[in-house]
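Scroll down for the structure; my scribbles are underneath it.
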Amino acid sequence: MNELHWALLLIAAALLVALFVYGKWQERRSARLDDKASVDDPSPPNARPVSTRSARQAPSRIEPTMGITPDADPVPREAEDQSSEEPAHERLAIGGWLEDPLLDVMLELRCSHSFDGVAALEARAQLDRLALPLPTHLAVWDSKTARWSLPDRFGFYSEMLIAIQLATRRHALGEIDATRFISTVQQIAVSIDGDVDSPDVARLVAQAAELDRLCARFDVQITLTLEALAEPWRDDVFGTAAAEAHLVRVNSERWERPAEHEPAALSMSFAAAGLPLTRATLTLDVPLAASEPAPLAMLFDTALLMAERLNARIVDDNGRLIEAGAQLAIDTELKKLTGDMHEAGIAPGSLRARRLYAD
């Protein structure tokens, strides 16, 4: 072995020693940094890290809410009656919609890059073209304002929420509509280059059927019928009596007791179409009736006033005269029913009940 070979071996050995020493120095440096981090950050060793994307876009899930504006108190009064996995203070308004875990199924579309407002509005149009009998909702995450909102044509967004209400008193989500809805959401996800976890159709339909059964259980109306004692009522006389009872005509055969920003719980209609006018029915829609003013008292007071003005008597569905103690007996049963509704999480007159039972 000549001198060149020895020189190369010495150089190689020196490089190996240098690399070994450098590696040891790096290990000690990392250990010192870890010790310092453990002092500065008291989080437990198994704490889950927050991804950079999640921290930038939505540090904690902010759920859409209904019935308030962004400048108002973020917790609607009715929301206190609803079960939710999210703290109430994290709720924000999104175009008059409150995501409700009992009523809604919501799909989240996550994107690796932003999409524009035109794409979001087209997604909304795709949902509208389905013409489903149940309400659908769409919201987008605006990174600039750090909140969920309705899409704007000139905006840019990073995530999208699409939801469908599972049931109302008139409809429940069936297999065909559930399949169409999920397929459309998948198409929207492709159009914005996003990912979505699609639910199982059978599970979705079963969930809707369960909500439909719960809805039917409390779908109760209390009716009182006004029956003319003498001549039929003239239309102008009937209208005057209705106005005195604070009933507003909504069409040729229906009047309602208006409630601000809420569906009417008390309504009146003719028991038979056409002339002569000899019978009218007052209806209290129990799920829509808030506790104040007392709904049953409102029904009976309205019936008594109308009967006096129209020279009529008050009878039940079978034409039997309503006796003086009937209100008390009905009130006892009504209190039991409303108590069951509260236990089931559907307080009468609440936001949830209005969504479920509004026509």
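The values are calculated or read from the model by the stated rules, or taken from the named source; none is laboratory data. Being a predicted model, the structure only gives us computed values, none of them experimental. Glycine also receives a Cβ, built like all others from the backbone with ideal geometry; neighbour counts cover every protein chain displayed.
Okay, residues lined up against (1) among the β-branched types (V, I, T); (2) out of contact with any Lys or Arg (no Cβ under 6 Å at 6 or more places or on another chain); (3) closer than 14 Å to Q126 by Cα:
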site: H171; (1), (2), (3): no, yes, no
site: E175; (1), (2), (3): no, yes, no
site: A178; (1), (2), (3): no, yes, no
site: T184; (1), (2), (3): yes, yes, yes
site: A189; (1), (2), (3): no, yes, yes
site: S198; (1), (2), (3): no, yes, no
site: V205; (1), (2), (3): yes, yes, no
Checked R234, R217, R153 against criteria (within 29 Å of A139 (Cβ to Cβ) and basic (K, R)); the one match is R153
So, in the stretch 82-97, of the ones that are touching a Lys or Arg at 6+ places or on another chain (Cβ under 7 Å) and in a loop (DSSP other than H, G, I, E, B), which residue ends up modelled with the lowest pLDDT?
E86
Residue pairs within 9 Å by beta carbon, gap of at least six or interchain, first lying in the stretch 90-102 and at positive phi, second part of a strand (DSSP E or B) and modelled with pLDDT under 85, listed first then second, are G95/P64
Please tell me if R110 is without any contact (Cβ under 8 Å) to a residue 40 or more places away in the chain, surrounded by 15 or more Cβ atoms within 10 Å (Cβ to Cβ), charged (D, E, K, R) and not in a loop (DSSP other than H, G, I, E, B).
no
From the list G345, G349, which one is of a type outside the set (A, V, I, L, M, F, W, C), surrounded by 13 or more Cβ atoms within 10 Å (Cβ to Cβ) and over 28 Å from A241 (Cα atoms)?
G345
Conditions: (1) crowded, with 20+ Cβ neighbours inside 10 Å; (2) over 23 Å from A344 (Cβ atoms); (3) at pLDDT 90 or above; (4) not small (G, A, S). D100 meets all but one. Number of the miss?
(2)
Out of the residues in the stretch 225-273 that are touching a residue at least 24 places away in the same chain (Cβ under 8 Å) and of a type in the set (S, T, Y), state the one that is nearest to G349 (Cα to Cα).
T225
